1. Quick one: what pairs do we get from segment 467-484, first residue under 20 Å from Gln338 (Cα atoms), second of a type in the set (Lys, Arg), C-beta under 6 Å, 6+ apart or different chains?
2. Within segment 127-174, can you find the residues that are of a type in the set (Lys, Arg) and under 21 Å from the mean Cα position of the chain (by Cα)?
3. Condition check: modelled with pLDDT under 75, more than 30 Å from Lys318 (Cα to Cα), loosely packed, with under 14 Cβ neighbours inside 10 Å and over 37 Å from the mean Cα position of the chain (by Cα). Does Asp222 satisfy that?
4. Can you tell me how many residues in segment 128-141 are free of Cβ contacts under 8 Å to residues at least 60 places away in the same chain and surrounded by 18 or more Cβ atoms within 10 Å (Cβ to Cβ)?
5. Among the listed residues Val469, Val476, Val444, Val483, which satisfies the condition of being more than 30 Å from Glu313 (Cβ to Cβ), at pLDDT 90 or above, outside the structural domain of Ser113 (by TED's automatic domain parsing) and outside any loop (DSSP other than H, G, I, E, B)?
6. Conditions: (1) touching a residue at least 12 places away in the same chain (Cβ under 8 Å); (2) in a helix (DSSP H, G or I). His188 meets all but one. Number of the miss?
7. In segment 81-127, which residue that is polar (S, T, N, Q) and within 20 Å of Phe473 (Cα to Cα) is surrounded by the most Cβ atoms within 10 Å (Cβ to Cβ)?
8. Is it the case, given these coordinates, that Ile340 is of a type in the set (A, V, I, L, M), out of contact with any Leu (no Cβ under 9 Å at 6 or more places or on another chain) and within 27 Å of Tyr439 (Cβ to Cβ)?
Amino acid sequence: MGEASDRVQRRLFEVPPSRACEPETLAPAESSGRFVSPRPFREWAPDQGQLLPQYVREVLGSDHLVCFFVDLARMLDFGPILRSYTSDRGQPAYHPVMMTLLTMYAYAVGVSSSREIARRCRSDLAFRYVSGGAQPDHDTICAFRVRHLAAFKDLFRDTIRIAGELRLAKLGHIAVDGTKMKANASKHKAMSYGRMDEAKRKLDQQIEELLAEAARIDEEEDRRYGKGRTGDEMPAELLDPAKRLAAMRAAQQRAEAAKKRELAEQKGKRRQKIEEAQAALEKEARAKAKAEGKPEAEAKPEPKSQRNFTDAESRIMKKGGSFEQAYNAQLAVEAVTQLIVAEEVTQSATDANLLSPMIEQTIANTGVVPAQVSADAGYLSQPDVEKAELYGTECFVATGRKKHGDEAPSPPRGRTPSTLTWRERMARKLKTRRGRRAYARRKVVVEPVFGQIRTRGFQRFSMRGLAKVRGEFSLVCAVHNLVKLIHLGWLAPAAA
């Protein structure tokens, strides 16, 4: 049985004479027999010198995404960024246009980490091309991004200007929606207002115990070795092992005392953070009471109001079936092109009262009043919707959630009864054929854009604080608009 098996194996691995490899087709590494194959391959010699084209663009091909971003240097307005450099002292900075395009291309391919961008500038040919061979370190990339966050808002508006020049700014219908975008902070680093006083009391007790223990150790050392002595001052002639052991124990006790003081200092800093968070929540409560015409002195935060110690301006928000430390990112998207015409980041956990601000920003960015806007039930607020309609935009806002599988009701007929409330009139309008067509566009306009942004690699904010987060989201939206224009061929003439 064993001999038969050996014969089968020999037949399986035996190279037929007619298909045997010629010696000159084998790479040098194959001489060991590890890579012997009956089929010839192309020669592989990674250490051999190569003749490459002189220009990197010829290697990548003009249809590579990075080539389009490099060509944007002739189209975008970098004035707000360039004007921020007013001094010529010190070493020359990396060119701001290069750094901007490098950052934008990195976000376009899903790279937002400054360290990863720096690594790609050394190892990725596309990144080396857009940087012109420069290799800025991650500190330089991070500092540049933080410095120009406000200018990214102007950059986003500039993408809308380009769309307008390409005659893409005719707003017939826009869709507005929001999503909870994770903050650069853990929800486990948050504390509710109701727990803050108890947490401060516990920290005060722990700090007192740690400092008392450190003082006890110091007193014991003073009693044993004398005031101002540490216990390890031994003349050279004293080589008694017992005394050396005592000195080592004294050093260990001093280290323990120092560690307890350091821990007490850390707990003191944590207590200070809790006090600052508590004061901020109380200030917000007083401001809210003042806006509502209530006495400020009696205003207190809700016990469940939370503040995060890593990113104090982020909020706990419901996302799917769980709660996350997040911000509320808002988009207004044009129906035909899926271009973002307005964007915002808020701390509000709901979308209420955000519809009219998005309409206002759309008009400011494009100079055009959208004819229609569709939004889900989260935006249903009579004062806010009526304010949006004052601009001349017809609103189609859902009045409730529709269960999956429910059949659409038959469209209403006749005139709208005068006895209906405002909410009932909106619900009746959405049941008409015209209302159904308008509202149905929402889910195929704005929701795919959020999906495209996430697919591009932007899953959470990399910065902290509302102002920085807003600047980063403006950059993300500007990149989306440019990628959309590029992929749909509208920027092809400029790239040629």
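The values are calculated or read from the model by the stated rules, or taken from the named source; none is laboratory data. In this text, all values refer to a predicted model and were calculated from it rather than measured experimentally. Quick reminder, even Gly has a Cβ in these numbers, built from the backbone with ideal geometry, and neighbours come from all protein chains shown.
1. Sorted first by the residue in segment 467-484, then by its partner, the pairs are Ser474/Lys153.
2. Our first condition is that a residue be of a type in the set (Lys, Arg); within segment 127-174, this holds for 128, 145, 147, 153, 157, 161, 167, 170.
Arg145, Arg147, Lys153, Arg157, listed by residue number.
3. Values: modelled with pLDDT under 75: yes; more than 30 Å from Lys318 (Cα to Cα): yes; loosely packed, with under 14 Cβ neighbours inside 10 Å: yes; over 37 Å from the mean Cα position of the chain (by Cα): yes.
In short, yes.
4. Residues of segment 128-141 free of Cβ contacts under 8 Å to residues at least 60 places away in the same chain: 131-141.
Narrowing further to those that are surrounded by 18 or more Cβ atoms within 10 Å (Cβ to Cβ): 131, 136, 141.
Residues that pass the stated criteria total 3.
5. On the way: Val469 fails: more than 30 Å from Glu313 (Cβ to Cβ); Val476 fails: more than 30 Å from Glu313 (Cβ to Cβ); Val483 fails: more than 30 Å from Glu313 (Cβ to Cβ).
Just a single option satisfies the conditions, and that option is Val444.
6. (1)
7. Our first condition is that a residue be polar (S, T, N, Q); within segment 81-127, this holds for 84, 86-87, 91, 100, 103, 112-114, 123.
From the residues that got through so far, the ones that are within 20 Å of Phe473 (Cα to Cα) too are 100, 103, 112-114.
On the way: Thr100: 25, Thr103: 22, Ser112: 21, Ser113: 14, Ser114: 22.
The qualifying residue surrounded by the most Cβ atoms within 10 Å (Cβ to Cβ) is Thr100.
8. Details: of a type in the set (A, V, I, L, M): yes; out of contact with any Leu (no Cβ under 9 Å at 6 or more places or on another chain): no; within 27 Å of Tyr439 (Cβ to Cβ): yes.
When the stated conditions are applied, Ile340 does not pass them.
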